């Protein structure tokens, strides 16, 4: 199985997300403000996706630029509405961000893959797992800062793992199309 340039960069960006999750889980007691950290992570994620977009630019594939825009909006919304009840703002921001990413990924999967292909089902299952984890994480953000950091660390860890699966599924889909 040979990975294309786009898939390699996608694996690298998902590794950074995985690393963010590991850092949050490892230093949950040292991080005092999970709310602000989440919004900065959104900006960092936007930068990663923007770089990935310009490096792996393909005609008709706007997923990374759309994800970058949604991440900037989520980061900005969190900072703008930071004055109100922060756990609920954090929760709503996370659920909105996950929903927007799910829509973007669903459109891409539906556009690029044939529904009769078995890899389409794998993409839909991983997308469902991503949405489920995002919703479950947002529900549990009403506790102390260390629990919020732990939940966000868990979310980014699993998101990194799920994001690592996407390029591999794409590689198998391309291989199956050729055969």
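What to note about this one:
- Any hit, the stretch 135-146, residues being out of contact with any strand residue (DSSP E or B) (no Cβ under 8 Å at 6 or more places or on another chain), crowded, with 18+ Cβ neighbours inside 10 Å, modelled with pLDDT under 85 and part of a helix (DSSP H, G or I): no
- Any hit, the stretch 55-68, residues being at pLDDT 85 or above, in a helix (DSSP H, G or I) and more than 15 Å from the chain's Cα centre (by Cα): yes
- The stretch 61-72, residues that are out of contact with any helix residue (DSSP H, G or I) (no Cβ under 6 Å at 6 or more places or on another chain) and without any contact (Cβ under 8 Å) to a residue 24 or more places away in the chain: 62, 69
- Of the residues making up the stretch 39-49, not a single one is in a loop (DSSP other than H, G, I, E, B), touching a residue at least 12 places away in the same chain (Cβ under 8 Å) and either within 21 Å of residue 139 (Cα to Cα) or more than 12 Å from the chain's Cα centre (by Cα) (or both).
- Only one entry of 13, 91, 71 meets the criterion of being surrounded by 17 or more Cβ atoms within 10 Å (Cβ to Cβ), assigned to a helix (DSSP H, G or I) and at pLDDT 90 or above, and that entry is 71.
- Within the stretch 76-83, one or more residues are buried (at least 17 other Cβ atoms within 10 Å of the Cβ) and at pLDDT 80 or above.
- Any chance residue 150 is surrounded by 17 or more Cβ atoms within 10 Å (Cβ to Cβ), at pLDDT 75 or above and touching a helix residue (DSSP H, G or I) at 6+ places or on another chain (Cβ under 6 Å): no
- Condition check for residue 28: part of a loop (DSSP other than H, G, I, E, B), surrounded by fewer than 15 Cβ atoms within 10 Å (Cβ to Cβ) and at negative phi: no
- Every listed requirement among (1) without any contact (Cβ under 8 Å) to a residue 60 or more places away in the chain; (2) in a helix (DSSP H, G or I) is met by residue 20 save one, (1).
- Residue within the stretch 37-59 that is surrounded by fewer than 16 Cβ atoms within 10 Å (Cβ to Cβ) and within 19 Å of residue 106 (Cα to Cα) present: yes
Let's see how each residue does on (1) under 27 Å from residue 9 (Cα atoms); (2) part of a helix (DSSP H, G or I); (3) in contact (Cβ under 8 Å) with a residue 24 or more places away in the chain; (4) within 17 Å of the chain's Cα centre (by Cα):
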{"residue": "125", "(1), (2), (3), (4)": "yes, yes, no, yes"}
{"residue": "128", "(1), (2), (3), (4)": "yes, yes, no, yes"}
{"residue": "133", "(1), (2), (3), (4)": "yes, yes, yes, yes"}
{"residue": "148", "(1), (2), (3), (4)": "no, yes, yes, no"}
{"residue": "155", "(1), (2), (3), (4)": "yes, yes, yes, yes"}
{"residue": "161", "(1), (2), (3), (4)": "yes, yes, yes, yes"}
{"residue": "169", "(1), (2), (3), (4)": "yes, yes, yes, yes"}
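- Inclusion of residue 101 among residues that are modelled with pLDDT of 85 or more, surrounded by 18 or more Cβ atoms within 10 Å (Cβ to Cβ) and within 19 Å of the chain's Cα centre (by Cα) is warranted.
The values are calculated or read from the model by the stated rules, or taken from the named source; none is laboratory data. Worth saying up front: this structure is predicted, and the values here are computed from it rather than measured. Note: ideal-geometry Cβ built from the backbone for every residue, glycine included; neighbour counts use all protein chains shown.
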